[in-house]
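The values are calculated or read from the model by the stated rules, or taken from the named source; none is laboratory data. None of these values were measured; they are calculated from a predicted model. Using ideal geometry, Cβ is built from the backbone for each residue, glycine included, and neighbour counts are taken over all protein chains shown.
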Amino acid sequence: MRKLILAAAGGVLALSLAIHAASAGPDKVQIPMTYASSYVKIATIDRYDNKTVRTVYMNPEAWAAAKPGEPLPDGTTLILEGRSARLGPDGQPMLDANGRFIPTDQIVLIATQQKRRGWGTEYPENIRNGEWEYAVFQTNGSLNTGANLQPCMQCHKPRAADDFTMVAARIVKDQKK
Amino acid sequence: MLRRFTARDAVLAAAAVVGIAIGATAGSVSAGTAHKVSMSGSKYMPAEVKARVGDTIRFDNDDFENHWVYVPTVGNYQVSRAGLKPGESFEITAREPGKFTVLCGLHTSMETVVTVAK
């Protein structure tokens with residue numbers, strides 16, 4: 001009888017964990033680790049505050065469908081890859097001939113922002129970013145389950161006019177006008 | 001043999017001094033004009049900057065809170081400087097012609113447009 005109770009308790013625990021995993025936001029999100037070659041590179045930003053080079057990629061279907069001044073299409077995936085900048089002897093980023101940072105091979109961040117119809121309903125309105133979901137990945141492609149995504153949503157929240165993106169909607173507006 | 005310092009010499013000397021001064025000014029102009037942008041009251045001022053290649057555009061946080069200067073578009077001008085504290089500055093060098101909007105990552109109403117001519 002005791003074994004039966006333990007087994008039942010274990011089953012309930014496993015079920016509750018499975019339900020939690022299915023409903024948790026970042027678990028919905030997947031990205032191809034071939035993004036550097038299969039996605040469209042839309043921006044490269046030198047971050048002076050943390051001495052990194054941040055490259056923004058967009059899935060080609062979304063890039064093709066995106067229209068200036070309109071919300072980004074359903075199915076948009078944005079990937080933000082951060083690399084350390086090469087530093088000089090003074091500890092400051094070295095610059096290339098165009099005055100840009102020189103990225104190293106060291107990836108320090110892979111974050112994504114994905115938009116799917118019906119997503120985001122589990123978030124309270126004061127933090128919800130429309131139908132966008134966020135996730136952070138390890139360099140081996142596995143989901144970083146410990147990542148705190150709240151700052152991502154807080155930072156992007158005021159950018160509703162740019163469909164909750166810091167860069168992508170502006171790039172579409174600028175390059176497809 | 002030494003000769004007297006005449007009025008003509010004085011005029012020539014004055015002309016030389018003026019010439020040196022003009023040269024120094026011309027030199028600093030060719031090195032680029034420094035444009036300053038204020039952030040007081042969570043507002044970029046001026047709202048429009050007209051610069052030339054070689055100029056610098058300096059964003060002074062003369063406000064009472066942090067700001068986050070960033071340029072989302074236009075090739076080599078894509079930069080970001082978060083956590084700019086009161087009293088700190090961030091400078092962009094105009095290296096090529098173009099037109100870009102500078103935003104603040106914390107305050108959506110803050111925008112200034114920079115146009116860089118040759």
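Of everything in the stretch B:60-88, what is closer than 16 Å to B:Ser109 by Cα and hydroxyl-bearing (Ser, Thr, Tyr)? Give them in sequence order.
B:Tyr70 - this is the single residue of the stretch B:60-88 that is closer than 16 Å to B:Ser109 by Cα and hydroxyl-bearing (Ser, Thr, Tyr).
Listed residues B:Arg81, B:Arg52; which is of a type in the set (Lys, Arg) and touching a residue at least 40 places away in the same chain (Cβ under 8 Å)?
Every option except B:Arg52 fails the conditions.
Which one is surrounded by the fewest Cβ atoms within 10 Å (Cβ to Cβ) among residues in the stretch B:88-118 that are touching a Ser or Thr at 6+ places or on another chain (Cβ under 8 Å) and of a type in the set (Ser, Thr, Tyr)?
That would be B:Ser109.
Out of the residues in the stretch B:86-118 that are within 21 Å of A:Asp49 (Cα to Cα) and among the hydroxyl-bearing types (Ser, Thr, Tyr), which is farthest from the other protein chains (Cβ to nearest Cβ)?
Among residues in the stretch B:86-118 that are within 21 Å of A:Asp49 (Cα to Cα) and among the hydroxyl-bearing types (Ser, Thr, Tyr), the one farthest from the other protein chains (Cβ to nearest Cβ) is B:Thr112.
State which residue is nearest to the other protein chains (Cβ to nearest Cβ) when the search covers only the stretch A:36-78 and only residues that are part of a loop (DSSP other than H, G, I, E, B) and among the aromatic types (Phe, Trp, Tyr).
Result: A:Tyr48.
Just for the stretch B:23-47: of the residues that are under 18 Å from B:Lys118 (Cβ atoms) and of a type outside the set (Val, Ile, Thr), which one is modelled with the lowest pLDDT?
Step by step, filter the stretch B:23-47, then rank; the result is B:Ser30.
Of B:Thr73, B:Thr108, B:Thr112, which residue is free of Cβ contacts under 8 Å to residues at least 12 places away in the same chain and hydroxyl-bearing (Ser, Thr, Tyr)?
B:Thr108
Restricting the first residue to the stretch A:22-41 and requiring it to be farther than 19 Å from A:Trp63 by Cβ, which pairs with a second residue that is modelled with pLDDT under 80 and of a type in the set (A, V, I, L, M) meet a Cβ separation below 6 Å and a spacing of at least six or different chains?
A:Asp27/A:Ala21
Hey, any hits in the stretch A:79-88 for a residue that's under 23 Å from B:Gly75 (Cα atoms), hydrophobic (A, V, I, L, M, F, W, C), within 14 Å of another protein chain (Cβ to nearest Cβ) and without any contact (Cβ under 8 Å) to a residue 24 or more places away in the chain?
So far as the stretch A:79-88 goes, no, none of its residues is under 23 Å from B:Gly75 (Cα atoms), hydrophobic (A, V, I, L, M, F, W, C), within 14 Å of another protein chain (Cβ to nearest Cβ) and without any contact (Cβ under 8 Å) to a residue 24 or more places away in the chain.
Filter the stretch A:120-173 down to the residues that are without any contact (Cβ under 8 Å) to a residue 40 or more places away in the chain and within 9 Å of another protein chain (Cβ to nearest Cβ), then identify the one that is nearest to A:Met33 (Cα to Cα).
Looking at residues that are without any contact (Cβ under 8 Å) to a residue 40 or more places away in the chain and within 9 Å of another protein chain (Cβ to nearest Cβ), I get A:Met166.
Can you tell me which residue within the stretch A:102-145, out of those that are assigned to a loop (DSSP other than H, G, I, E, B) and hydrophobic (A, V, I, L, M, F, W, C), is farthest from A:Ala85 (Cα to Cα)?
If we take residues in the stretch A:102-145 being assigned to a loop (DSSP other than H, G, I, E, B) and hydrophobic (A, V, I, L, M, F, W, C), then A:Trp119 is farthest from A:Ala85 (Cα to Cα).
May I ask you to list the residues in the stretch B:58-87 that are in a loop (DSSP other than H, G, I, E, B) and either exposed (fewer than 14 other Cβ atoms within 10 Å of the Cβ) or not charged (D, E, K, R) (or both)?
Answer for the stretch B:58-87, where residues must be in a loop (DSSP other than H, G, I, E, B) and either exposed (fewer than 14 other Cβ atoms within 10 Å of the Cβ) or not charged (D, E, K, R) (or both): B:Asn61, B:Phe64, B:Glu65, B:Asn66, B:Val71, B:Pro72, B:Thr73, B:Val74, B:Gln78, B:Lys85, B:Pro86, B:Gly87.
Could you please give the count of residues in the stretch B:60-103 that are touching a strand residue (DSSP E or B) at 6+ places or on another chain (Cβ under 6 Å) and acidic (Asp, Glu)?
Residues in the stretch B:60-103 being touching a strand residue (DSSP E or B) at 6+ places or on another chain (Cβ under 6 Å) and acidic (Asp, Glu): 3 in total.
Got at least one residue in the stretch A:16-30 being modelled with pLDDT of 95 or more and surrounded by fewer than 12 Cβ atoms within 10 Å (Cβ to Cβ)?
no
In this structure, is A:Ser84 surrounded by fewer than 14 Cβ atoms within 10 Å (Cβ to Cβ) and either under 19 Å from the mean Cα position of the chain (by Cα) or assigned to a loop (DSSP other than H, G, I, E, B) (or both)?
For A:Ser84, the condition - surrounded by fewer than 14 Cβ atoms within 10 Å (Cβ to Cβ) and either under 19 Å from the mean Cα position of the chain (by Cα) or assigned to a loop (DSSP other than H, G, I, E, B) (or both) - is not met.
Could you check the stretch B:85-101 and list, in sequence order, the residues that are farther than 14 Å from B:Ala51 by Cα and either touching a residue at least 40 places away in the same chain (Cβ under 8 Å) or among the aromatic types (Phe, Trp, Tyr) (or both)?
B:Phe90
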